[in-house]
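J.: Pasting in a structure now, in C-alpha cells, and then I'll have a few things to ask.
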Amino acid sequence: QTPGWLSNKIGYGDQKTVKNLTVTGYINGEDLKFIGSLIQNQNLKGRVDLSKVDVVDIMHSSSKKVDNYLGENSFAFNSSCELQCLLLPKSLTEVYRCLSSVLKLDTLVFEPENISYAKADFFQSTQYGKVIKNLILGERVDSIPNNAFLEYSGLKSVYFKGDMRYIGSNA
C-alpha cells in the first residue's frame with residue numbers, strides 16, 4: 001500500500017466496527033494517526049498488530065525524516081482509551097516515548113529485529129507507568145538497563161522470549 005492511504009483502504013462502516021486490526025506493508029505518520037483515531041473514537045479495542053510494517057517518513061527529533069522510528073506520541077491520542085494488545089513493528093531501529101500517556105494497554109509486544117534492549121522511555125515517561133500491564137520482549141532483546149521500569153507500578157509481568165544477558169539494578 002501507499003503510505004498515508006490506510007484510511008482509504010478501510011471503509012467507513014468497517015471503521016465503525018473493527019475490533020482487531022493487522023496492518024502489513026509501509027505506513028507513515030498519517031496512518032499511525034488514523035490507527036490512533038480508530039482506537040480512540042471507534043470500536044478498535046482488541047488487538048492491533050503492526051509487527052510486519054515498515055514505518056517510513058517519520059519526523060525525528062533531529063527534524064529530519066527517518067524510517068522505522070516511532071517517536072513521541074506517534075499514535076496521537078488526546079483522551080483516555082484502552083487496548084488489549086499492541087504489537088509494535090519488528091523493523092523498528094529507534095523508539096522514543098511512542099505511546100501517549102492516555103493509552104492503557106493490557107499487553108505490549110516489543111520484538112524488534114534491530115534493538116537489543118528495552119527501557120521505559122521507549123514507551124512512556126515513567127510518571128505514566130500504570131498504563132502497561134504485561135510486556136513481552138522478543139528474542140533479540142537481551143538486556144534491560146538500570147532503573148528501566150522502576151516506576152512502572154502497573155506492570156504485572158514481563159515475558160522474555162530469548163535469553164537475558166543483562167538486567168540492571170532496580171530494573
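The values are calculated or read from the model by the stated rules, or taken from the named source; none is laboratory data. Every value quoted in this text rests on a predicted model; they were computed, and no experiment measured them. Every residue, glycine as well, gets a Cβ built from its backbone with ideal geometry; the counts of neighbours run over all protein chains shown. Keep in mind that these areas ignore ligands, DNA and RNA; they rest on the heavy atoms of the full protein, side chains included. Shrake-Rupley method; radii C 1.70, N 1.55, O 1.52, S 1.80 Å.
J.: Which pairs turn up if I take residues in region 118-135 that are at pLDDT 85 or above and look for partners that are hydroxyl-bearing (Ser, Thr, Tyr) with beta carbon separation below 6 Å, at least 6 apart in sequence or on another chain?
T.: Asn134/Thr107; Asn134/Ser157
J.: Of a type outside the set (Val, Ile, Thr), in a loop (DSSP other than H, G, I, E, B), open to solvent by 10 Å² or more (accessible area, probe 1.4 Å) and at pLDDT below 85: is that true of Glu139 in this structure?
T.: So Glu139 does not fit the description; no.
J.: Then there is this: Test Leu99 against the criterion of being in contact with a Leu (Cβ under 6 Å, 6 or more places away or on another chain) and in contact (Cβ under 8 Å) with a residue 24 or more places away in the chain, and give yes or no.
T.: no
J.: Taking Leu6 as the residue in question, decide whether it is closer than 22 Å to Arg97 by Cα, among the hydrophobic types (A, V, I, L, M, F, W, C) and either modelled with pLDDT of 95 or more or open to solvent by less than 40 Å² (accessible area, probe 1.4 Å) (or both).
T.: Against the criterion (closer than 22 Å to Arg97 by Cα, among the hydrophobic types (A, V, I, L, M, F, W, C) and either modelled with pLDDT of 95 or more or open to solvent by less than 40 Å² (accessible area, probe 1.4 Å) (or both)), Leu6 does not qualify.
J.: Oh, and also: How many of the residues making up region 45-99 are in a loop (DSSP other than H, G, I, E, B) and either open to solvent by less than 10 Å² (accessible area, probe 1.4 Å) or not polar (S, T, N, Q) (or both)?
T.: Of the residues in that region, 20 qualify.
J.: For region 14-42, give me each residue that is over 22 Å from Asp67 (Cβ atoms), at pLDDT 90 or above and either part of a strand (DSSP E or B) or open to solvent by 50 Å² or more (accessible area, probe 1.4 Å) (or both).
T.: Asp14, Lys16, Thr17, Lys19, Asn20
J.: Do you know which of the residues in region 73-100 that are among the small types (Gly, Ala, Ser) and at pLDDT 80 or above is farthest from Val131 (Cα to Cα)?
T.: Ser91
J.: Within the bounds of region 136-144, is there any residue that is without any contact (Cβ under 8 Å) to a residue 40 or more places away in the chain, in contact with a helix residue (DSSP H, G or I) (Cβ under 9 Å, 6 or more places away or on another chain) and under 26 Å from Gly25 (Cα atoms)?
T.: No, every residue in region 136-144 fails to be without any contact (Cβ under 8 Å) to a residue 40 or more places away in the chain, in contact with a helix residue (DSSP H, G or I) (Cβ under 9 Å, 6 or more places away or on another chain) and under 26 Å from Gly25 (Cα atoms).
J.: Separate question: Exactly one of (1) on the phi < 0 side of the Ramachandran plot; (2) in contact with a helix residue (DSSP H, G or I) (Cβ under 8 Å, 6 or more places away or on another chain) is unmet by Arg97. Its number?
T.: Only one criterion is unmet by Arg97, namely (1).
J.: Go through region 149-168 and give me each residue that's over 18 Å from Leu108 (Cα atoms) and loosely packed, with under 12 Cβ neighbours inside 10 Å.
T.: Listed by number, the residues that qualify are Asp163, Arg165.
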